[in-house]
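The values are calculated or read from the model by the stated rules, or taken from the named source; none is laboratory data. All figures in this text were calculated on a predicted structure; none of them were measured in a lab. Positions of Cβ are backbone-derived with ideal geometry, glycine not excepted, and every protein chain shown enters the neighbour counts. Note: areas computed on protein heavy atoms with side chains; ligands, DNA, RNA excluded. Shrake-Rupley method; radii C 1.70, N 1.55, O 1.52, S 1.80 Å.
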Amino acid sequence: MARKPKGEVVRLGSLKRPMPPADLCDPLPPWRFVPAVDLTEWLMAVFVSETGLLANPEHAHLRQANIACLWANRTLVVKMNRAVAMAEMPQPRGNAWTAGRAEQQLEDWFGYEPDFLLTFDAVWWVEADDASACATAEHELFHCGQQRDVFGAPKFGQDGRPTFGIRGHDCEEFVGVVQRYGVGHAAGRTADLVRAANSAPTIAPALIGAACGTCCRKMA
């Protein structure tokens, strides 16, 4: 499968938050998935590009990545929780026909082989406010990581591109555990998350509004 030609990060004439097709926001069977090219461009222009309005240097490795996005018309439930977005590295598996069919689908959708595929719940996205949409979008970008060697240094392939991988959450704990036993006895980096939550956000609402600025309720 062909890879997407590399070049400058796309810079949109308007940075307003893209919306899914109106006829997709009917969460009824059957499942429907629609390529979201404008959403991919928005993510790259706002969060990944060095000059993006909400640029994050932690996403610098993604400037060399092929990212593709999809809208989904129905909610995904994972481990009894609603998932409104998902990041994955497409890796067609199975026999030649099964894997070939999956590769053909990606080629038909995007015309290139994505390093990362991000899928978003279209119904949730339309109803979400700008801050929630930005937080969810960047959450998925944080999952799009760069592998590290045994010394903790970023890994690169023979072609000079980053070696990509799916990054796990910084911390994972149940609310009930923190409520009953406190942050000090929670798993992973929960204490770091609590400290971050108690600090003022580093992105002002005005910047979020400038990068999104789409009132979902006015969507035609």
For the stretch 91-208, which helices (runs of 4 or more DSSP H) that fit wholly inside it have 2 or more residues that are modelled with pLDDT of 90 or more? 96-110, 122-127, 130-143
Looking for something open to solvent by 80 Å² or more (accessible area, probe 1.4 Å), within 26 Å of MET89 (Cβ to Cβ), without any contact (Cβ under 8 Å) to a residue 24 or more places away in the chain and of a type in the set (Phe, Trp, Tyr) - is there at least one such residue anywhere in the stretch 160-181? no
Return yes or no: is ALA68 in contact with a His (Cβ under 6 Å, 6 or more places away or on another chain) and in a strand (DSSP E or B)? no
Any residue at all in the stretch 122-136 that is among the hydroxyl-bearing types (Ser, Thr, Tyr) and free of Cβ contacts under 8 Å to residues at least 24 places away in the same chain? yes
How about the stretch 95-113: which of its residues are open to solvent by 40 Å² or more (accessible area, probe 1.4 Å) and either in contact with a strand residue (DSSP E or B) (Cβ under 7 Å, 6 or more places away or on another chain) or acidic (Asp, Glu) (or both)? GLU103, GLU107, ASP108, TRP109, GLU113
Test ALA87 against the stated conditions and say whether it is touching a residue at least 40 places away in the same chain (Cβ under 8 Å), in contact with a helix residue (DSSP H, G or I) (Cβ under 8 Å, 6 or more places away or on another chain), of a type in the set (Gly, Ala, Ser) and under 21 Å from THR163 (Cα atoms). yes
Residue that is modelled with the lowest pLDDT [pool: residues in the stretch 5-56 that are surrounded by fewer than 18 Cβ atoms within 10 Å (Cβ to Cβ) and of a type in the set (S, T, N, Q)]: SER14
For the stretch 17-27 the number of residues that are out of contact with any Phe, Trp or Tyr (no Cβ under 8 Å at 6 or more places or on another chain) and either hydroxyl-bearing (Ser, Thr, Tyr) or in contact (Cβ under 8 Å) with a residue 40 or more places away in the chain (or both) is 4
